[in-house]
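Novice: What follows is a structure written as structure tokens; I'll ask about it next.
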Amino acid sequence: ALPAGTGDAGWLRAFHAVVPEVIEDFRPQVMVTQHGADTHFEDPLAHLAVSLDAQRAVQVACHDLAHEYADGRWVALGGGGYAVVEVVPRSWTHLVAIAAGRPIEPEAMIPEEWRQTVFARTRQPAPARMTDGRWPVVWADWEAGYDPADRLDQAVLATRRAVFPLRGLLP
């Protein structure tokens, strides 16, 4: 569980502080990941502030982990997300493209014909690009140290302390 308002840098810091070590230790035969779009800052329920660009960065990281530890066997699922015009189509398009080995550059333009179809059906303007304008995303690596007074770092440490001993890993 991450603090409300966690954005790109914190979300990626938390992901990279936990997931790769667990995957490396577990060495799955297949990775099954769920990529809900509800972490996005446009989503009204999750209270997170993650961009499409950070979501894409995690998708790429999962792809790389699947190839490193599961011989590329990866079942990537969508799910979640209420911003059905602004976010969900772009997030899942990135996911499918990454899984297919044909990633779409974040700066890519969205075809005008699709944007017109979206407007005709929803009366909402569709985004023009496959990015929220935050690419490339950056975060502070957990191995560089943590701040015990920081709420995000407290949440990451609590997760590591809860999960890592179950795998025989040090918290």
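The values are calculated or read from the model by the stated rules, or taken from the named source; none is laboratory data. This structure is a prediction, so every number in the text was calculated from the model and none was measured. We place every Cβ from the backbone using ideal geometry, glycine too, and count neighbours over all the protein chains shown. Only protein heavy atoms, including side chains, enter the accessible area calculation; ligands, DNA and RNA are left aside. Shrake-Rupley method; radii C 1.70, N 1.55, O 1.52, S 1.80 Å.
Novice: Failed condition for Thr33, given (1) part of a helix (DSSP H, G or I); (2) open to solvent by less than 50 Å² (accessible area, probe 1.4 Å), with all others met?
Specialist: Of everything listed in (1) part of a helix (DSSP H, G or I); (2) open to solvent by less than 50 Å² (accessible area, probe 1.4 Å), Thr33 misses just condition (1).
Novice: Can you name the residue in region 155-171 that is of a type outside the set (D, E, K, R) and open to solvent by 90 Å² or more (accessible area, probe 1.4 Å) and, of all such residues, is modelled with the highest pLDDT? Before the answer, list the steps.
Specialist: So the first thing to find is which residues in region 155-171 are of a type outside the set (D, E, K, R), and the list is 155-159, 162-166, 168-171.
Next, from what is left, pick out any that are open to solvent by 90 Å² or more (accessible area, probe 1.4 Å): 166, 170.
Numbers: Leu166: 83, Leu170: 73.
Step by step, filter region 155-171, then rank; the result is Leu166.
Novice: Just name the residue that is nearest to Asp71 (Cα to Cα) out of those in region 121-149 that are open to solvent by less than 70 Å² (accessible area, probe 1.4 Å) and outside any loop (DSSP other than H, G, I, E, B).
Specialist: Restricting to residues being open to solvent by less than 70 Å² (accessible area, probe 1.4 Å) and outside any loop (DSSP other than H, G, I, E, B), the top hit is Trp142.
Novice: Quick one: how many residues across region 47-83 are at pLDDT below 95, part of a loop (DSSP other than H, G, I, E, B) and in contact with a Gly (Cβ under 8 Å, 6 or more places away or on another chain)?
Specialist: 3
Novice: Select, from Asp141, Asp64, the only residue that is among the charged types (D, E, K, R) and touching a helix residue (DSSP H, G or I) at 6+ places or on another chain (Cβ under 8 Å).
Specialist: Details: Asp64 fails: touching a helix residue (DSSP H, G or I) at 6+ places or on another chain (Cβ under 8 Å).
Step by step, each of Asp141, Asp64 is checked, and only Asp141 is among the charged types (D, E, K, R) and touching a helix residue (DSSP H, G or I) at 6+ places or on another chain (Cβ under 8 Å).
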